[in-house]
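The values are calculated or read from the model by the stated rules, or taken from the named source; none is laboratory data. This is a predicted model, so every value here is computed, not measured. In this analysis, Cβ positions are derived from the backbone assuming ideal geometry, glycine residues included, and neighbour counts consider all displayed protein chains. Ligands, DNA and RNA are excluded from the accessible area calculation, which covers all protein heavy atoms including side chains. Shrake-Rupley method; radii C 1.70, N 1.55, O 1.52, S 1.80 Å.
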Amino acid sequence: MRRMLKVVMSMMLISSLVCGCTSSGTDGSNGSTSVPVEYSEVQEYFNVPISVKAYGENSEEATKLAFERVAQLEVVFSNTIQDSEVNYVNSNAFETSVEVSSDFKTVLDTSLYYSNLTDGAFDFTIDDLISLWGIGTDNPKVPTNDEISKYVNLKDYENILVDGSSVRFSSNTVKLNFGAISKGYIADEMKKVLLENGVTSAILNLGGNVSAIGTKPSGKLWSVAITDPNDTSNYVCSLKVDDMSVVTSGDYEKYFVQDGKKYHHILDTSTGYPADNGISSVTIVGDNGIDCDALSTACFVLGEEKALTLIESIEGYDAIIILNDGSIKTTSNVQDYQFSEMA
């Protein structure tokens, strides 16, 4: 499942969601300016490539330690690993308290917060519905209305009881899936490991979850370009960040087409179908990957007006929404990131 590729400076992987994380190892001057040590690596976890480009004397060791942290978290959050912690909880927590790890508890608490904040637009308790559609697997399908109706508006996050580090489900329909938030948490944890091991300049990309540490070694900001949902070989806008996370959820990420209709993976639990409200992608920029990850999914489901209202109410976070017609809507403070639309 996992592959590791050591890449040179010019070959950092760019994902299909949030792309164009350009970086430079020098300040562009000639002469005696020292070139910082750079180390780049790509590994695959959660069926997505994860890339790191880090600078500093300890960059290689720090990067390897960061990937070791990812390996630890994969067996906590992956629904496709049979003996993962999330699968164990799903199998045993109905009417029986289960002790969970600190990583699990952190992501669970944050997931509960955003599920309640968004009235279920973000819902991490729909693993059965996700499995029913099978989008992103080898066998996706359009379920029947009768099959879907069992999972509409369950809001099973309300049936999770938390007592310290113990978790219990009060309904046997609760099935957790942290796919819409775990990559953000993992990015935050990777950043933590890199910082603890002396890296002060780095860029990470976890399948569209982009996280920056500091600035480029030159002192310039990191550039992040956002993919055109209607032509993924092009970009529609860009922004510049330092020490920030940039996360995109888009209808072009995982989907299939049946009878001429496109079905993407971002499900609206009020209907049981992929969200269909005129949005092609939502990008959230803010301090923490875990929050950006959850908010990008929630906003995609909420629709333009409610999404912009929500993000405007959250200090330190901004949104870029690309509509189906190609138009771009943003929150009021996006210009702080030198936001620019591309011709």
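Considering only the Cα atoms of the stretch 195-343, their convex hull presents on average a projected area of 10.0 nm².
Quote the charge dipole size of the stretch 93-205 about the Cα centre in Debye, to the nearest 20; the model charges only the Cβ of Lys and Arg (+1) and of Asp and Glu (-1).
Taking the Cα centre of the stretch 93-205 as origin, the dipole is about 220 debye.
Remark: C-alpha extents of the stretch 28-160 on the principal axes read 70, 35, 31 Å, sorted largest to smallest.
Rounded to the nearest 20 debye, the dipole size of the chain about its Cα centre is 660 debye, using +1 on the Cβ of Lys and Arg and -1 on the Cβ of Asp and Glu. Normalised per residue, the accessible area of the stretch 90-148 is 47 Å², obtained with a 1.4 Å probe and no contribution from ligands, DNA or RNA.
Of the GluC sites (Glu not before Pro) in the stretch 38-140, which ones lie in a loop per DSSP and count no more than 14 other C-beta atoms within 10 Å?
GLU57, GLU95
Under the criterion of Cα pairs below 8 Å and six or more residues apart, the relative contact order for the chain equals 19 percent.
Count charges around ASP242 for me, please; just the other residues with Cβ under 12 Å from its Cβ, Lys/Arg as +1, Asp/Glu as -1. Counting the neighbours of ASP242, the net charge comes to 0.
Largest first, what is the accessible-area ranking of LYS150, LYS329, LYS183 with a 1.4 Å probe?
Working: LYS150 125, LYS329 75, LYS183 35 Å².
Final ranking, largest accessible area leading: LYS150, LYS329, LYS183.
Restricting the calculation to Cα atoms, the chain yields a radius of gyration followed by a Dmax of 20.0, 71 Å. Distance between the 7 Å Cα→Cβ label points at SER270 and LEU195: 3.7 nm. FRET efficiency for the LYS306 to LYS262 pair, using the beta carbon distance and R₀ = 22 Å, is estimated at 0.45. Ligands, DNA and RNA are left out, and with a 1.4 angstrom probe the accessible area of the stretch 225-271 is 43 Å² per residue.
Listed by chain and number, the lysines whose alpha-carbon sits under 22 Å from that of LYS150, ignoring those within fewer than 8 places in the same chain, are LYS141, LYS175.
In nm, what is the difference between 0.36 nm times the number of residues separating GLU61 and GLN82 and their Cα-Cα distance? List each step's numbers first, then the result.
Values: separation 21, 0.36 × 21 = 7.56 nm, distance 3.03 nm.
The GLU61-GLN82 span can extend by a further 4.5 nm.
Could you work out how far helix 289-302 tilts from the main Cα principal axis of the chain, as a 0 to 90 degree angle to the nearest 10? For 289-302 against the chain, the angle is about 50 degrees.
SER166 to GLN335: extension gain in nm, 0.36 nm per residue of separation minus the Cα-Cα distance?
Values: separation 169, 0.36 × 169 = 60.84 nm, distance 4.33 nm.
Working it through step by step, the gained length comes to 56.5 nm.
To the nearest 10 degrees, how steeply does helix 59-77 sit against the main Cα axis of the chain, on a 0 to 90 scale? Result, in degrees: 0.
Label zone of ILE328 (point 7 Å out along Cα→Cβ, amide N under 20 Å): in the stretch 197-233 this covers 208-212, 221-233.
Shown for the stretch 189-280: the carbon plus sulfur share of the solvent-accessible area, taken with all protein chains present and a 1.4 angstrom probe, equals 42%.
Taking a straight Cα-Cα cut-off under 20 Å and skipping sequence neighbours fewer than 8 places away in the same chain, the lysines within cross-link reach of LYS240 are LYS53, LYS191, LYS216, LYS220, LYS329. Look at the dipole of the chain built from charges on Cβ: of LEU73, ILE126, PHE104, the Cα furthest out on the positive end belongs to LEU73.
Working note: Karplus 6.51/-1.76/1.60 with θ = phi - 60° gives the stretch 235-241 the couplings 10, 10, 6, 8, 8, 10, 9 Hz, where Gly and Pro are set to x. For CYS292, the shell of other residues with beta-carbons less than 11 Å away shows a net charge of -4, using +1 for Lys and Arg and -1 for Asp and Glu.
Overall, the anisotropy analysis places the stretch 223-271 in the oblate class: the square-rooted eigenvalues a ≥ b ≥ c of its C-alpha gyration tensor yield a/c not less than 1.5, with a/b not exceeding b/c. Think of the stretch 39-179 as a dipole: +1 on every Lys or Arg Cβ, -1 on every Asp or Glu Cβ, centred on the Cα centre; then among ALA62, VAL42, ASN92, ASN92 lies furthest on the positive end. The residues neighbouring SER84, those whose beta-carbon lies less than 14 Å from its own, together hold a net charge of -4 under the Lys/Arg +1, Asp/Glu -1 convention. Select from VAL257, GLY286, LEU204 the residue farthest towards the positive end of the dipole of the stretch 199-321; place +1 on Cβ of Lys and Arg, -1 on Cβ of Asp and Glu, and compute about the Cα centre. Result: LEU204, furthest along the dipole toward the positive end.
I need the shape label for the stretch 124-264. Rule: rounded when a/c is under 1.5, else prolate if a/b > b/c, else oblate, with a, b, c from the alpha carbon gyration tensor. Don't skip to the answer; put the middle values down first.
On the way: a/c = 3.42, a/b = 1.40, b/c = 2.44.
Oblate, since a/c reaches 1.5 and b/c is not below a/b.
When the chain is treated as a GNM, springs tying every alpha-carbon pair under 10 Å, which of GLY179, GLY316, GLY303 comes out with the largest mean-square fluctuation? Maximum among the listed residues: GLY316. Each DSSP beta bridge with both residues in the chain is either parallel or antiparallel, and the antiparallel ones are about 95%.
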